[in-house]
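Undergrad: Can you read through this structure? Questions will come right after.
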Amino acid sequence: MKRDTFLVALGLFVVGYGTNVSTPFLVLYRDRLDLSANATQLIFVVYVVGILSTLMLAGQLSDRYGRRRLLIASLALSALGSAILIGGRDSFALLLMGRVILGVVSGLGLGVGAAWLQELMGPAQQHKAALVATLVTYGGFGAAPPLSVLYEWLGPSPLIVPFVFHIVLTLAIIPAVASVHETVDVAAEAARGPWRPAIRFGIPATARRQFLWYIGPLAILIFAFPSMAFALFPVLLSDTVDASPVVVTGLSGMSTAWGGLLSRPLINRIPTQVAMGWGAAIGTTGYVLGTIAFVTGSWPLVWPAAIVLGAASGVISIAGLTLVGQLTDPNSRGALSSTFYLLAYAGMTMPLVVSSLGPSFGTTTVLVVITCVTGLLAATAPLRHRLGTL
């Protein structure tokens, strides 16, 4: 891997790492701040609000002002978010603020970083670039929870030290990312006149049917799957766990993220054009396992469910990013990548959907319905793919 590619990948890893440092502590925050179930899920969901508020402009800004500036900004904000979360251990408002900022970080950094990798690696390596972007992001997601659990086990101040470590790591990587070659001709873009924000999805007219029929609906599952694994199932089953809930939540987050790394051998065996549908089918199996775990109170089932859901998410992400790289043109690559991630992160609201509808319709019923809808998306994927390519 070339130096520039390695450093951008490392930047994506650090961004992914920062978003998951606090994940194992959801139950700790709930108990420490005496939060309701919905308030606990809100800690997770405001992160999505930060993402969605940023993604549509992030791609356009990076197409205009360059990938490097946006990724550096996301890293700097990531350090700020961790600093605020240290204060959030005693303040629900600061906790939510820190999570929103980390959402903004993901909105700025992940789509832009993926687009930058695709440009650095060139048109002939779009699949490899998508693979690298997915694996390093999931690697960051997966590295944070076990380290947070380790701090909770062995170290003092578990709601402080992990965030300080992330701040130091982030500040160390910023100068390295600043040295990477910029792939956008910023001077040429500036000559086109002042930038005006606009809603621009970056979907080429020739690929609109394929994106709307096939890629878009399945992209939502990219984070709908893992969010259920590490933000819902462990919380639902926390009262049945004999071990520390931080350990269970942390290991669930780690299993989900590292399950995403299993997508590499899977994606090599599935044609890219149909892999997103296969990922949905794999994820449906994970939902079935998670639902059984909740109904029976068998919390050890959460871990295999998390691994399966993580692998499914990785398959859909790699296949989707590869297709996006093949469909887009250089002038709108950032915008289309951000649109793809916008749909993906919308799926992160799934835990809030379940916790909100559960009291009215029954949590089991809601889980079964969501599982059936996901299975339907998987079953109809081949048909929708054909309709999209007509």
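The values are calculated or read from the model by the stated rules, or taken from the named source; none is laboratory data. Please read these numbers as outputs of a predicted model, since none were measured by experiment. Cβ placement follows ideal geometry from the backbone for every residue including glycine, while neighbour counts extend to all protein chains displayed.
Results for (1) over 22 Å from ILE267 (Cα atoms); (2) over 22 Å from the mean Cα position of the chain (by Cα), shown as yes or no for each residue.
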position: GLY325; (1), (2): no, no
position: VAL353; (1), (2): yes, no
position: THR371; (1), (2): yes, no
position: LEU376; (1), (2): no, yes
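Undergrad: Moving on to the next point. Could you give every pair whose Cβ atoms fall below 9 Å, whose first residue belongs to segment 372-384 and is among the basic types (Lys, Arg), and whose second residue is in a helix (DSSP H, G or I), counting only separations of at least 6 or pairs across chains?
TA: The qualifying pairs are ARG384/TRP213; ARG384/TYR214; ARG384/PRO217; ARG384/LEU218; ARG384/GLY277; ARG384/LEU377.
Undergrad: In segment 171-197, what residues are buried (at least 17 other Cβ atoms within 10 Å of the Cβ) and not in a helix (DSSP H, G or I)?
TA: VAL180, THR183, VAL184
Undergrad: Counting only residues that are more than 13 Å from the chain's Cα centre (by Cα) and under 16 Å from ILE101 (Cα atoms), which one in segment 15-31 is modelled with the highest pLDDT?
TA: VAL21
Undergrad: Right, something else. Could you list all residues from segment 32-46 that are of a type outside the set (A, V, I, L, M, F, W, C), part of a helix (DSSP H, G or I) and modelled with pLDDT of 85 or more?
TA: Result: ARG32, single match.
Undergrad: Can we say PRO204 is under 21 Å from the mean Cα position of the chain (by Cα) and either surrounded by 18 or more Cβ atoms within 10 Å (Cβ to Cβ) or closer than 27 Å to ILE222 by Cα (or both)? Steps first, answer last, please.
TA: On the way: under 21 Å from the mean Cα position of the chain (by Cα): no; either surrounded by 18 or more Cβ atoms within 10 Å (Cβ to Cβ) or closer than 27 Å to ILE222 by Cα (or both): yes.
No: the conditions fail for PRO204.
Undergrad: When the residues of segment 44-70 are filtered to those that are surrounded by 24 or more Cβ atoms within 10 Å (Cβ to Cβ) and in contact with a Phe, Trp or Tyr (Cβ under 7 Å, 6 or more places away or on another chain), which remaining residue is nearest to PRO158 (Cα to Cα)?
TA: Among those that are surrounded by 24 or more Cβ atoms within 10 Å (Cβ to Cβ) and in contact with a Phe, Trp or Tyr (Cβ under 7 Å, 6 or more places away or on another chain), it is VAL48.
Undergrad: Turning to a different aspect of this structure: Working carefully through the options GLY279, GLY290, find the one that is more than 19 Å from the chain's Cα centre (by Cα), buried (at least 24 other Cβ atoms within 10 Å of the Cβ) and closer than 30 Å to THR365 by Cβ.
TA: None of the other options fit; the residue is GLY290.
Undergrad: I've got another one for you. Is there a residue in segment 35-46 that is out of contact with any Asp or Glu (no Cβ under 6 Å at 6 or more places or on another chain) and without any contact (Cβ under 8 Å) to a residue 40 or more places away in the chain?
TA: Of segment 35-46, the ones out of contact with any Asp or Glu (no Cβ under 6 Å at 6 or more places or on another chain) are 35-46.
Pick out the ones that are also without any contact (Cβ under 8 Å) to a residue 40 or more places away in the chain and you get 36.
Looking for residues that are out of contact with any Asp or Glu (no Cβ under 6 Å at 6 or more places or on another chain) and without any contact (Cβ under 8 Å) to a residue 40 or more places away in the chain, one finds at least one in segment 35-46, hence yes.
Undergrad: Related question: Check VAL168 against each of (1) in contact (Cβ under 8 Å) with a residue 24 or more places away in the chain; (2) surrounded by fewer than 24 Cβ atoms within 10 Å (Cβ to Cβ); (3) among the hydrophobic types (A, V, I, L, M, F, W, C); (4) part of a helix (DSSP H, G or I) and name the one condition it does not meet.
TA: (1)
Undergrad: Additional query: Under 6 Å between Cβ atoms, at least 6 apart or on separate chains: pull out the pairs that start in segment 71-86 with a residue that is touching a residue at least 60 places away in the same chain (Cβ under 8 Å) and end on any residue that is among the aromatic types (Phe, Trp, Tyr).
TA: Note: pairs meeting the criteria are SER82/PHE163; LEU85/PHE163; ILE86/PHE163.
Undergrad: Give the residue that is surrounded by the fewest Cβ atoms within 10 Å (Cβ to Cβ), with candidates limited to residues of segment 107-119 that are farther than 14 Å from ALA79 by Cβ and not hydrophobic (A, V, I, L, M, F, W, C). Outline the logic, then answer.
TA: Quick first cut of segment 107-119, residues farther than 14 Å from ALA79 by Cβ only: 107, 110-119.
Subsequent filtering for residues that are not hydrophobic (A, V, I, L, M, F, W, C) retains 107, 111, 113, 118-119.
Details: GLY107: 29, GLY111: 32, GLY113: 27, GLN118: 27, GLU119: 19.
Out of the qualifying residues, it is GLU119.
Undergrad: If you don't mind, another one. Could you list, in sequence order, all residues of segment 1-14 that are at pLDDT 90 or above and more than 14 Å from the chain's Cα centre (by Cα)? It would help to see each step written out before you state the result.
TA: Applying the first criterion (at pLDDT 90 or above) to segment 1-14 yields 3-14.
Within segment 1-14, ARG3, ASP4, THR5, PHE6, LEU7, VAL8, ALA9, LEU10, GLY11 meet the criteria.
Undergrad: Can you tell me which residue among GLY66, GLY87, GLY50 is more than 24 Å from LEU336 (Cβ to Cβ) and at pLDDT 85 or above?
TA: Answer to the check: GLY87.
Undergrad: Shifting gears a bit: So THR364 clears everything in (1) under 17 Å from the mean Cα position of the chain (by Cα); (2) of a type outside the set (Phe, Trp, Tyr); (3) modelled with pLDDT of 90 or more except one condition, right? Which one?
TA: Checking THR364 against (1) under 17 Å from the mean Cα position of the chain (by Cα); (2) of a type outside the set (Phe, Trp, Tyr); (3) modelled with pLDDT of 90 or more, the one that fails is (1).
Undergrad: Please go through segment 85-94 and give me each residue that is assigned to a helix (DSSP H, G or I) and under 15 Å from PRO158 (Cα atoms), ordered by number.
TA: Step one: filter segment 85-94 for residues assigned to a helix (DSSP H, G or I), giving 85-87, 92-94.
Of everything in segment 85-94, those that are assigned to a helix (DSSP H, G or I) and under 15 Å from PRO158 (Cα atoms) turn out to be LEU85, ILE86, GLY87.
Undergrad: Now a separate question. Give the residues of segment 147-173 that are over 21 Å from the mean Cα position of the chain (by Cα) and of a type in the set (A, V, I, L, M), sorted by residue number.
TA: Matches in segment 147-173: LEU150, LEU154, LEU159, ILE160, VAL161, VAL164, VAL168, LEU171, ALA172.
Undergrad: Could you tell me which of the residues GLY122, GLY142, GLY155 is touching a residue at least 12 places away in the same chain (Cβ under 8 Å) and either out of contact with any strand residue (DSSP E or B) (no Cβ under 6 Å at 6 or more places or on another chain) or buried (at least 24 other Cβ atoms within 10 Å of the Cβ) (or both)?
TA: GLY142
Undergrad: Something else about it: Got at least one residue in segment 345-360 being of a type in the set (A, V, I, L, M, F, W, C) and either under 15 Å from ALA133 (Cα atoms) or not in a helix (DSSP H, G or I) (or both)? Walk me through it before giving the result.
TA: Filtering segment 345-360 down to residues of a type in the set (A, V, I, L, M, F, W, C) leaves 346, 348, 350, 352-354, 357.
Pick out the ones that are also either under 15 Å from ALA133 (Cα atoms) or not in a helix (DSSP H, G or I) (or both) and you get none.
Looking through segment 345-360, none of the residues is of a type in the set (A, V, I, L, M, F, W, C) and either under 15 Å from ALA133 (Cα atoms) or not in a helix (DSSP H, G or I) (or both).
Undergrad: If I go through segment 361-384 residue by residue, how many of them are among the small types (Gly, Ala, Ser), in contact with a Phe, Trp or Tyr (Cβ under 9 Å, 6 or more places away or on another chain) and closer than 14 Å to THR285 by Cβ?
TA: 2
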